[in-house]
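First up is the structure itself, then whatever we jot down about it.
The values are calculated or read from the model by the stated rules, or taken from the named source; none is laboratory data. Bear in mind the structure is a predicted one, so any value in this text is a computation, not a measurement. Neighbour counts run over all protein chains shown; Cβ positions are idealised from the backbone, glycine included. Calculation scope for accessible area: heavy atoms of the full protein, side chains included, ligands and nucleic acids excluded. Shrake-Rupley method; radii C 1.70, N 1.55, O 1.52, S 1.80 Å.
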Amino acid sequence: MTEKNTEHYFSAQPAGEFRSTEIAVRLSHGDYIVETAGGIFSPDHIDAGTEQLLYSVPTPPSTGHFLDVGCGWGPMALTLALEAPEASVYAVDVNERALELTRRNAARLGLANITVGLPDSLDAALRFDLIWSNPPIRVGKSELHEIMNTWLPRLKVSGEAYLVVAKHLGADSFEKWLGTQFADTHTVTREDTRKGFRIIKVVRTN
């Protein structure tokens, strides 16, 4: 990821012309061509953190309501939809370009079970059986914590979230904060450690 992309993939409207390109990726044991563009997170490939999460997490349930927080061009949401075609998958991001690319990629792969939108576009009453996320650590602690406080309480009881964070970006302190912040309602454990990344599992208990 270039420095330029690092600067504006958090923006609602990234700078620069929307000029899309195609890349080959492997998702859910299959090879696909997807559309991507500059001004989003990891436009050239599946980033290393997402790759480790996809390798580590259990196969999703066959049905339910699943959420990808910070979808980028869509690797997690697309994987969820491919592996659970009867599920309802929701993909959210603050970056309008990322949302457009996820919509295009869902259509390209024939995945009608993905709903894409801004975080505020989802029905506030909607609750999730499963959340996958490579959270935007670089936005800073305050905003990161706000994201977690927004979505983790929206897990159903026994619902699971899997979060991937690089160890050198504070994964251990983040895991500790989650365990303290949600101590009364969720359990927080380390699912896996792979290639410098922590996969953190959060389960809603009540």
So, in the range 94-121, exactly how many residues are assigned to a loop (DSSP other than H, G, I, E, B) and free of Cβ contacts under 8 Å to residues at least 40 places away in the same chain?
5
How many residues does the range 167-206 contain that are open to solvent by 50 Å² or more (accessible area, probe 1.4 Å), part of a loop (DSSP other than H, G, I, E, B) and modelled with pLDDT of 95 or more?
4
Out of all the residues in the range 87-95, is one or more open to solvent by 10 Å² or more (accessible area, probe 1.4 Å) and either among the aliphatic types (A, V, I, L, M) or more than 12 Å from the chain's Cα centre (by Cα) (or both)?
yes
Please specify each residue of the range 54-76 satisfying the condition of being touching a helix residue (DSSP H, G or I) at 6+ places or on another chain (Cβ under 6 Å), buried (at least 24 other Cβ atoms within 10 Å of the Cβ) and either part of a loop (DSSP other than H, G, I, E, B) or not aromatic (F, W, Y) (or both).
D68, V69, C71, G72, W73, G74, P75
Across the range 117-154, the tally of residues that are of a type in the set (V, I, T) and either modelled with pLDDT under 95 or touching a Phe, Trp or Tyr at 6+ places or on another chain (Cβ under 8 Å) (or both) stands at 3
Residue check, T79 open to solvent by 10 Å² or more (accessible area, probe 1.4 Å), of a type in the set (V, I, T) and either in contact with an Asp or Glu (Cβ under 8 Å, 6 or more places away or on another chain) or without any contact (Cβ under 8 Å) to a residue 60 or more places away in the chain (or both)
no
Suppose we filter the range 18-53 for residues that are part of a strand (DSSP E or B) and exposed (fewer than 14 other Cβ atoms within 10 Å of the Cβ); how many remain?
7
Just to be sure I understand the filter: pairs with C-beta atoms under 9 Å, separated by 6 or more residues or on different chains, first member in the range 123-143 and open to solvent by less than 80 Å² (accessible area, probe 1.4 Å), second member among the basic types (K, R). Which pairs pass?
A124/R154; L126/R154; F128/R154; F128/K156; D129/K156; I131/R154
Which one of D47, D31 is more than 26 Å from R190 (Cα to Cα) and among the charged types (D, E, K, R)?
D31
May I ask you to say which residue of S56, S88 is of a type in the set (S, T, Y), without any contact (Cβ under 8 Å) to a residue 40 or more places away in the chain and farther than 19 Å from I40 by Cβ?
S88
Does V157 satisfy the criteria of being in contact with a helix residue (DSSP H, G or I) (Cβ under 6 Å, 6 or more places away or on another chain) and either at pLDDT below 95 or of a type in the set (V, I, T) (or both)?
no
